[in-house]
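Report on the structure given below.
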Amino acid sequence: MTLADKKCAPCELGTPPMSRQWAEKLLNDLPGWGIDENGKLAKTYTFNNFMDAVHFLDKVAKIAEEEGHHPDMCVQNYNQLKLMSWTHASKGLTENDFIIAAKAERAFSGFQKELACAMP
Ligand SMILES: C[C@H](O)[C@H](O)[C@H]1CNC2=NC(N)=NC(=O)C2=N1
């Protein structure tokens, strides 16, 4: 089962964060993702315009709500969306963060196809 097919587990307060080496291993399956200066799993997506960034934010928001696991999301530089995920309950990274990232990747490839079809 790929990360994107998994479901997020409920975030139990105090669950220890995953090891750095496990995190590095899972990063191999997530092109363009990294661990930022705050220890969050992060990626910045770039779009053709502001509204595409906002529309993709909405798609990720629906995934997060469905999974009960919510990344920080920042629309920046008018056409970029930065996602930053960590598990508040663990004050660190857990597999949930990688599941959200993998689902965002899958949503992004679908969104790119949608945009290509819409192009005149
Ligand atoms: C009660 C609710 O499920 C929890 O507070 C969830 C909500 N979304 C969450 N999102 C993230 N990123 N980390 C959490 O610990 C978390 N906990």
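Counting only C-alpha contacts under 8 Å and six or more residues apart, can you give the relative contact order of region 39-112 as a whole percent?
Reported as a whole number, the value is 38 percent.
Take region 56-120, compute every pairwise Cα distance, and split them into 10 Å bins from 0; I just need the percent in each bin.
In order of increasing distance, the bins hold 20, 49, 25, 5, 1 percent.
Ignoring ligands, DNA and RNA, what percent of the accessible area of the chain is carbon or sulfur (1.4 Å)?
C and S fraction of accessible area: 57 percent.
Give the residue list of trypsin sites (Lys or Arg not before Pro) in region 62-120 that are DSSP loop and have at most 13 other beta-carbon atoms within 10 angstrom.
Of the trypsin sites (Lys or Arg not before Pro), the ones in loops of region 62-120 whose Cβ has at most 13 other Cβ atoms within 10 Å are Lys91.
Please check which bits of region 69-95 a label hung off Trp22 would reach, taking the label as a point 7 Å along Cα-to-C-beta and the cut-off as backbone N under 20 Å.
69-71, 85-95
Given Cβ point charges of +1 (Lys, Arg) and -1 (Asp, Glu) and nothing else, what value in debye, to the nearest 20, does the dipole of the chain about its Cα centre take?
Magnitude of the dipole: close to 120 debye.
Could you give the length gained by full extension between Glu65 and Ala118, i.e. 0.36 nm per residue of separation minus their alpha carbon distance, to one decimal place?
Using 0.36 nm per residue and subtracting the Cα-Cα distance, I get 16.4 nm.
Mind checking the angle between helix 50-67 and the chain's longest principal axis? C-alpha axes, 0 to 90 degrees, to the nearest 10.
That works out to roughly 40 degrees.
Compute the long axis of helix 95-118 from its Cα atoms, compare it with the longest principal axis of the Cα atoms of the chain, and write down the angle in degrees, 0 to 90, nearest 10.
Relative to the chain, helix 95-118 is tipped by roughly 10 degrees.
P(r) of the chain in 5 Å steps, Cα pairs, percent per bin?
Cα pair-distance distribution for the chain, in percent: 2, 11, 22, 24, 19, 11, 6, 3, 1, 0, 0.
Estimate the FRET efficiency between His55 and Met1 by the formula 1/(1 + (r/R0)^6), using the beta-carbon distance for r and 22 Å for R0, to the nearest 0.05.
0.15
The values are calculated or read from the model by the stated rules, or taken from the named source; none is laboratory data. Here the structure is a predicted model, which is why all the values come from computation and not from measurement. Backbone-built Cβ (ideal geometry, glycine too); neighbour counts: all protein chains shown. What goes into the accessible areas is simple: the full protein's heavy atoms, side chains included, and nothing from ligands, DNA or RNA. Shrake-Rupley method; radii C 1.70, N 1.55, O 1.52, S 1.80 Å.
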